[in-house]
Amino acid sequence: MATAFGIITSSANHIKIAGMQDYRPMGAFSFAGRYRVIDFPISNMSNSGIDNIQVYVRENPRSLAEHLGNEGSFNINSKKGKLQLLFSDNSTANDVYNTDIAAFAENMNIIARKGQEYVIIAPSYMVYTQDYNELLEQHVASGADITLLYHHVNNAKENYLHCDTLDLNKQKGVLSIERNTGTANAKNIFMDTYVMKRDLFISLVREAQKLSSIYTLSQFINSEVNDLDVRGVAHRGYFATVTDFKSYFEANLDLIDVDNANSLFHDNWPIYTVTSDAAPTKYYEQAEVRNSLVSNGCSIKGLVENSVIGRGVTIEDGAIVKNCVVLAYSRIGKDVHIENQVVDKWAQIIHAKEIIGTPEKPGYIKRDDIL
Amino acid sequence: MATAFGIITSSANHIKIAGMQDYRPMGAFSFAGRYRVIDFPISNMSNSGIDNIQVYVRENPRSLAEHLGNEGSFNINSKKGKLQLLFSDNSTANDVYNTDIAAFAENMNIIARKGQEYVIIAPSYMVYTQDYNELLEQHVASGADITLLYHHVNNAKENYLHCDTLDLNKQKGVLSIERNTGTANAKNIFMDTYVMKRDLFISLVREAQKLSSIYTLSQFINSEVNDLDVRGVAHRGYFATVTDFKSYFEANLDLIDVDNANSLFHDNWPIYTVTSDAAPTKYYEQAEVRNSLVSNGCSIKGLVENSVIGRGVTIEDGAIVKNCVVLAYSRIGKDVHIENQVVDKWAQIIHAKEIIGTPEKPGYIKRDDIL
Amino acid sequence: MYTAYKMDVHEISKESGVHFMSQNNMLAMILAGGRGSRLKDLTNKVAKPAVSYGGKYRIIDFPLSNCANSGINVVGVLTQYESVLLNSYVAQGRRWGLDSNGSGVFVLPPREKADADLDVYRGTADAISQNIDFIDSYDPEYLLILSGDHIYKMNYDNMLAFHKEHNADATIAVIGVPMKEASRFGIMNTDENGKIVEFEEKPAEPKSNLASMGIYIFNWKLLRKLLVADMKNPDSSHDFGKDIIPTLLNDGKSLWAYQFKGYWKDVGTIDSLWEANMDLLDDKSGLNLEDPEWKIYTEDASALPQYIGPNAQIKTAFITQGCKIDGSVTRSVLFTGSVVKPGAKVTDTVLMPGAVVEEGAVVTRALVANNVKIGPNAVVGDANSENIELVAKNVKGEE
Amino acid sequence: MYTAYKMDVHEISKESGVHFMSQNNMLAMILAGGRGSRLKDLTNKVAKPAVSYGGKYRIIDFPLSNCANSGINVVGVLTQYESVLLNSYVAQGRRWGLDSNGSGVFVLPPREKADADLDVYRGTADAISQNIDFIDSYDPEYLLILSGDHIYKMNYDNMLAFHKEHNADATIAVIGVPMKEASRFGIMNTDENGKIVEFEEKPAEPKSNLASMGIYIFNWKLLRKLLVADMKNPDSSHDFGKDIIPTLLNDGKSLWAYQFKGYWKDVGTIDSLWEANMDLLDDKSGLNLEDPEWKIYTEDASALPQYIGPNAQIKTAFITQGCKIDGSVTRSVLFTGSVVKPGAKVTDTVLMPGAVVEEGAVVTRALVANNVKIGPNAVVGDANSENIELVAKNVKGEE
């Protein structure tokens, strides 16, 4: 039986989500009310029996460190397993140096001590479910050097613009890995998920470092596709990226659609998270709630429609909340009307009476802000 | 009953331990074989019923993050309590800006949300036992604004040179807090431990920030001793600082002395740490061990005298280890002779046959080094 | 040299089974052996303390969370009847943070010993007596006795402070009940300072309205002596209320009443269980489960947030994660994973975990048990009924 | 719309007591009810699986650590006799990392049910039968049965792979024993592929040397059926070896022998417990407790590192934290908190937790029980004795 350890990468340096990212790394972003984005890759690994997981973090580690503080929440045996946060020194001189390769190289002595034969690398900023054990078996059976997971989409002209795409031959061999430039709708979006032997991974990191300090792992593999057997494997089921503000907003609202929820959440594949021990939600007599996901601990007296409501949110009398993603502990005051907004944690909208965005250009309310 | 939350501070910017500190913050330094320095302040707080603890970390957080990953190891209820790691952005421009005040200010929104009336601040780089509950009661009863813990010593001319001292009046009122300049042997060494109301603490941090970006908390309190009622309380029992390489070396060997151990470790005051699940230590037929503290998981075939041996250390046939602090997983090879050394983790001394330091100038062997 | 290390005693005794108790030096024992037979079908396979309550909780979450929040870290749970679910529920101490190094929730059923055959607990006091060795292994100064089937939030550390302040031999928590109901309770008659002068079990003519809540703090050394004597007494019913407390009073010991003010409910019947749930809809009931300083902890169920469908109408409700609602819900409490389908009407009702109300069904003044299905267009319960209808079996609907 | 969320089934069933099993879908049950009466005074107050071993461990740490390392996350421990220490020891699942969300170590003593009075377990199979509802609540595909009193390191996940590979109905772990001792064991006779053709309990003339280790993997559905039938069979002794395995063979089921190679020891007597400890001094014994890939986890005692005094002489020893040694120790194993004072001589001996050897005392070929004190200049044990001397009471010395 092949064994693997897991690596969960932080977002690449070209991905920025203004606002929210000032407070936490993308993996710690709230998702579907009670989860964080990183719960998905960690649960995928935990459910696949991978109990040795390294999580790379670049900036603002506190929220992620707290969330991942206890392996037990993710059903990882704390004795046999390890959920390890690895920090990388950020070059403030120029962000181009802060590559995944640089982070791996910095922690190479820890990687080199791992006993597992394989490594599975997954991003902290994409949402999907995948049995990595199956993927690993497929990888071993195929004889490939590297297996890359991708998702075929038909809307790549206007979406996934921060992602890489895979160009594949008939045998699913990877011909190239390149940034999606929006040239066509049909594309294989690379899910930044890799399977390979640990030793190959170590030598790739070392070689890449020798050649250029700004190589990323995918760029370097792209330069090696002629020498290595690199293959793509198609992912099925729900897939979302959190690579810009709009994709974050849309992915959250996606989950209100039952079909999407059904293709992300499966029997016997629990998505773990850290409980906040919130009480159930209280709906008052005036409440009107439709077509929404509501987390525990809320107090609702207003109208909520087509929205995702995080834990402990207060929605007061006469408030109207439509097409919004409201993060935990926020408060939408009396008679306040908001549409197409992401309201960050602890924000209070009490003085502003109307904040309306459009689905194409949703608004953002900062954490701890009082409006 | 007064309630307090705890703050454990990282070492001030003038304290540097070349070598070891490259790999971990001072709180994560190994102590007495199986502990880390920070186990002492955390156990003091946990045993005093303080279950809300903030630990500030400046650099190389990984080892500390891992060590403190699980509140349960320190007997802190993970639901009611919180052992929280707070990071501070280090100004790389000039280290003088990286003060404790700057770190507090950066995390002020979290401090401001605490429900406890008092705060107890203790350093991560000093070793002592103290019932903080008693100290808090004393503080409340005295009516002082700020209580500072100090230890009276009679050897301050050549020791404690990186510490502050308290000048006290007859009523134990603090007249000044100043760096020990080695002018006299009898001094009250300030243990960098404070008790005050949370609200006073917050306003001190805010005021200090307004006045100068390089104020430390102790400097600012020193400037306020005429306006505030600041008092000293004497600590009794074993006390050691880990503020330079020599003090680290000596504090470790101190504990071999039964009297010191007895004044640091008390009944009903357990010092918690994280177990490594090492097996007991195996002594072979050739072993010769005297006057030493030996941790579990070692394999000993050589001679060990007046030394502190960490977990999982191998001491081979014919090796001689005297007056040494050997950290975990190191290996002292066949016929190797070392004296007055600190051997860092994972180091292997196998080729060098003799490494001899003096008690006045102990040597340091780097982590992962092969000599 | 060798008088050495003071740690000796502690280390050695720890290894041989004596453990270190933190902070308040008080160990808690929860009496959780009740059959709860008036809860009928709800307790067929589940002991009463494990019955679900308040959307996401079980009754025993209350004393356990109170212990965690009061700084008590070692809790024994005395179980007896049909306890497999209760045992495995409380065994996972992490739910209440009681899994740290030095903490634990310990299930204590009757057991076979070298000198005694397996036998049931004969009474509340006997349950403690049979576990003297467990308690001794922690060497506590104080022992807190709790019941596993009451809903309330209480700081036992404050009660201990009261106990110490009065230098009491035992302290009993009491609550004021309406005078006309006092004869249903064990009543404590106290002097003006709160010292107990007399205890009357269900007095026909009560002299006071201070009812015992079944919560006791004892000095362990004293109680231990009494229990050892009580075990040998053939005339004793081995009960705290009937035997131990009267003995203490007869012996002239110093017993104090600690008056509790706040929400407290014994959910002994279907009606009172339903009422206690409905109390959660009323901000004035005095039971607030959202206080960040005194949370009630429970099992961390893996469930999506509440899904509220396009046809949902929700007015005055207490709903937890994992519920799916696309019908009408009014003045009701919905437990984890319960489902209300389009066109269904749920009013003045408690839906226990996994209960499903199919399209067009109407449920009124009912308590629908775990996993029960109310079929399409079925009608259950009655707005004018005196008692709450317990629905413990699937109800067939009309397709 | 409402056929909705596939999570339905899982969430609902979870709430009603069916839990999610991770990874290998195998639940383990450890039979830990043995009195261990041949261990004499060591098991007066402690069930055999809780007896100390190897400096810092207890015997039951071995199967529990094996489970943790094999990716099994739910373990039932069937206890019966004098189990308070054992129960509270295993209840703290964090010791083996078995306290994650979804994991647990569950103590399962006999219990009272709605339809049955409290009664002891009648045999190994009956102990499982009485907990069918517990097992069902996890809905495992495979059930692993273990014994709580053997010392060995074994990957049960590999055994499960073997079980699946052979499409077995049941797989039994076996170990080769010397042919002349085979008649003391339950012997499996297999065909050339390892399929079991016959089982003989303590055969006078053994046909094979493959002894059952009392470790079984069953397909739970099949075993469940057999157990239900066995419970009702008045002629059954309700034992796996005597009843269940023979029935399976008679029914023509596919039983396979999984051959284990490695260290395995049943520590049933004082001599064998002593020997198993001495094996730790020998690098060639095959029992390595230092393998980072297969650690044995145990209680995390709060103790200082070993203090080795200026007069100490230690040759060939296995010593754990909390010990204080200032005398001579040769070929011995010292448990947590044991003390050897100046001038004392400890040879070929096991000092259990907290044992103290005072100045000038001489202890040879002995096993000194927990917290026992050997007084100054006392002489205990004999280098030429056939059996190991168990010292269970303090020995007075000469001052």
Hey, among the residues in the stretch A:166-216 that are hydroxyl-bearing (Ser, Thr, Tyr) and farther than 29 Å from A:HIS152 by Cβ, which one's modelled with the lowest pLDDT? A:SER213
Those residues of the stretch A:137-163 which are modelled with pLDDT under 95 and closer than 17 Å to A:THR216 by Cα amount to A:HIS162, A:CYS163
Only strands (runs of 3 or more DSSP E) wholly contained in the stretch D:313-399 count here; list those with 2 or more residues that are out of contact with any Leu (no Cβ under 8 Å at 6 or more places or on another chain). D:313-319, D:328-334, D:345-347, D:362-364
Select from the stretch C:256-276 the residues that are among the small types (Gly, Ala, Ser) and either assigned to a helix (DSSP H, G or I) or within 14 Å of chain A (Cβ to nearest Cβ) (or both) and list them in ascending order. C:SER272, C:ALA276
Can B:VAL325 be described as in contact with a helix residue (DSSP H, G or I) (Cβ under 8 Å, 6 or more places away or on another chain), crowded, with 21+ Cβ neighbours inside 10 Å, hydrophobic (A, V, I, L, M, F, W, C) and more than 9 Å from chain D (Cβ to nearest Cβ)? yes
Please give the strands (runs of 3 or more DSSP E) falling wholly within the stretch B:194-311 in which 2 or more residues are of a type in the set (Val, Ile, Thr). B:230-234
With (1) in contact with a Lys or Arg (Cβ under 7 Å, 6 or more places away or on another chain); (2) of a type outside the set (D, E, K, R); (3) exposed (fewer than 14 other Cβ atoms within 10 Å of the Cβ) as the list, and C:HIS238 as the residue in question, which single condition is left unmet? (3)
Looking at the stretch A:314-329, is at least one residue aromatic (Phe, Trp, Tyr) and part of a loop (DSSP other than H, G, I, E, B)? yes
For the stretch D:302-330, enumerate the residues that are touching a helix residue (DSSP H, G or I) at 6+ places or on another chain (Cβ under 7 Å) and more than 9 Å from chain B (Cβ to nearest Cβ). D:GLY322
If we keep only residues of the stretch A:66-115 that are within 21 Å of the chain's Cα centre (by Cα) and of a type in the set (Ser, Thr, Tyr), then the residue nearest to the other protein chains (Cβ to nearest Cβ) is A:SER73
From B:ARG36, B:ARG62, grab the single residue that is modelled with pLDDT of 85 or more, basic (Lys, Arg), touching a strand residue (DSSP E or B) at 6+ places or on another chain (Cβ under 7 Å) and surrounded by fewer than 21 Cβ atoms within 10 Å (Cβ to Cβ). B:ARG62
Checking the structure you have, find out if any residue of the stretch C:104-125 is without any contact (Cβ under 8 Å) to a residue 24 or more places away in the chain, touching a Ser or Thr at 6+ places or on another chain (Cβ under 7 Å) and under 30 Å from D:ASN101 (Cα atoms). yes
Name every residue in the stretch B:330-349 that is closer than 10 Å to B:ASP368 by Cα and either small (Gly, Ala, Ser) or in a loop (DSSP other than H, G, I, E, B) (or both), in order of residue number. B:SER330, B:ASP344, B:LYS345, B:TRP346, B:ALA347
Please go through (1) more than 30 Å from C:THR349 (Cα to Cα); (2) surrounded by fewer than 20 Cβ atoms within 10 Å (Cβ to Cβ) for C:GLU275 and return the number of the only condition it doesn't satisfy. (1)
Here the qualifying pairs (Cβ atoms under 6 Å; residues six or more apart or on different chains; first in the stretch B:42-62 and touching a residue at least 12 places away in the same chain (Cβ under 8 Å) and aromatic (Phe, Trp, Tyr); second part of a strand (DSSP E or B) and buried (at least 24 other Cβ atoms within 10 Å of the Cβ)) come out as B:TYR56/B:THR9
Only one of B:ASP267, B:ASP335 is at pLDDT below 95, of a type in the set (Asp, Glu) and either surrounded by fewer than 23 Cβ atoms within 10 Å (Cβ to Cβ) or out of contact with any helix residue (DSSP H, G or I) (no Cβ under 7 Å at 6 or more places or on another chain) (or both); which? B:ASP267
Unique residue being at pLDDT 75 or above, over 30 Å from D:ASN371 (Cβ atoms) and surrounded by 21 or more Cβ atoms within 10 Å (Cβ to Cβ) when the list is C:ALA32, C:ALA28: C:ALA32
Looking at the stretch D:338-364, I want the residues that are within 10 Å of chain C (Cβ to nearest Cβ) and have a partner that is small (Gly, Ala, Ser) and not in a loop (DSSP other than H, G, I, E, B) with Cβ atoms under 6 Å, at least 6 apart or on another chain. Which pairs are those? D:MET352/D:SER52; D:PRO353/D:SER52
Within the stretch B:342-362, work out how many residues are buried (at least 18 other Cβ atoms within 10 Å of the Cβ) and either in contact (Cβ under 8 Å) with a residue 40 or more places away in the chain or out of contact with any helix residue (DSSP H, G or I) (no Cβ under 9 Å at 6 or more places or on another chain) (or both). 9
Can you pull out the residues in the stretch B:1-30 that are out of contact with any strand residue (DSSP E or B) (no Cβ under 6 Å at 6 or more places or on another chain), crowded, with 17+ Cβ neighbours inside 10 Å and either on the phi > 0 side of the Ramachandran plot or in a helix (DSSP H, G or I) (or both)? B:MET20, B:GLN21, B:MET26, B:GLY27
Any hit, the stretch C:299-311, residues being of a type in the set (S, T, N, Q) and either farther than 30 Å from A:HIS266 by Cβ or in contact (Cβ under 8 Å) with a residue 40 or more places away in the chain (or both): no
What pairs can you find where one residue is in the stretch C:167-187 and under 16 Å from C:SER147 (Cβ atoms), the other is surrounded by 12 or more Cβ atoms within 10 Å (Cβ to Cβ) and among the acidic types (Asp, Glu), and their Cβ atoms are less than 7 Å apart, with a gap of 6+ or different chains? C:GLY186/C:GLU201
Say we look at the stretch C:52-94 and pick out the residues that are surrounded by 24 or more Cβ atoms within 10 Å (Cβ to Cβ), more than 7 Å from every other protein chain (Cβ to nearest Cβ) and touching an Asp or Glu at 6+ places or on another chain (Cβ under 6 Å); which of these is modelled with the lowest pLDDT? C:GLY93
Flagged in the stretch B:31-43 as in a loop (DSSP other than H, G, I, E, B) and either farther than 17 Å from B:ALA261 by Cα or more than 14 Å from chain D (Cβ to nearest Cβ) (or both), in numbering order, are B:VAL37, B:ILE38
Of the residues in the stretch C:40-51 that are in a helix (DSSP H, G or I) and at pLDDT 75 or above, the one that is surrounded by the fewest Cβ atoms within 10 Å (Cβ to Cβ) is C:ASP41
Go through the residues of the stretch D:277-299 one by one and say whether even a single one is part of a loop (DSSP other than H, G, I, E, B), at the interface with chain B (Cβ under 9 Å from one of its Cβ atoms) and hydroxyl-bearing (Ser, Thr, Tyr). yes
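The values are calculated or read from the model by the stated rules, or taken from the named source; none is laboratory data. What you are looking at is a predicted structure, and each value in this text was computed from that prediction instead of being measured. Cβ: placed from backbone, ideal geometry, glycine included. Neighbour counts: every protein chain shown.
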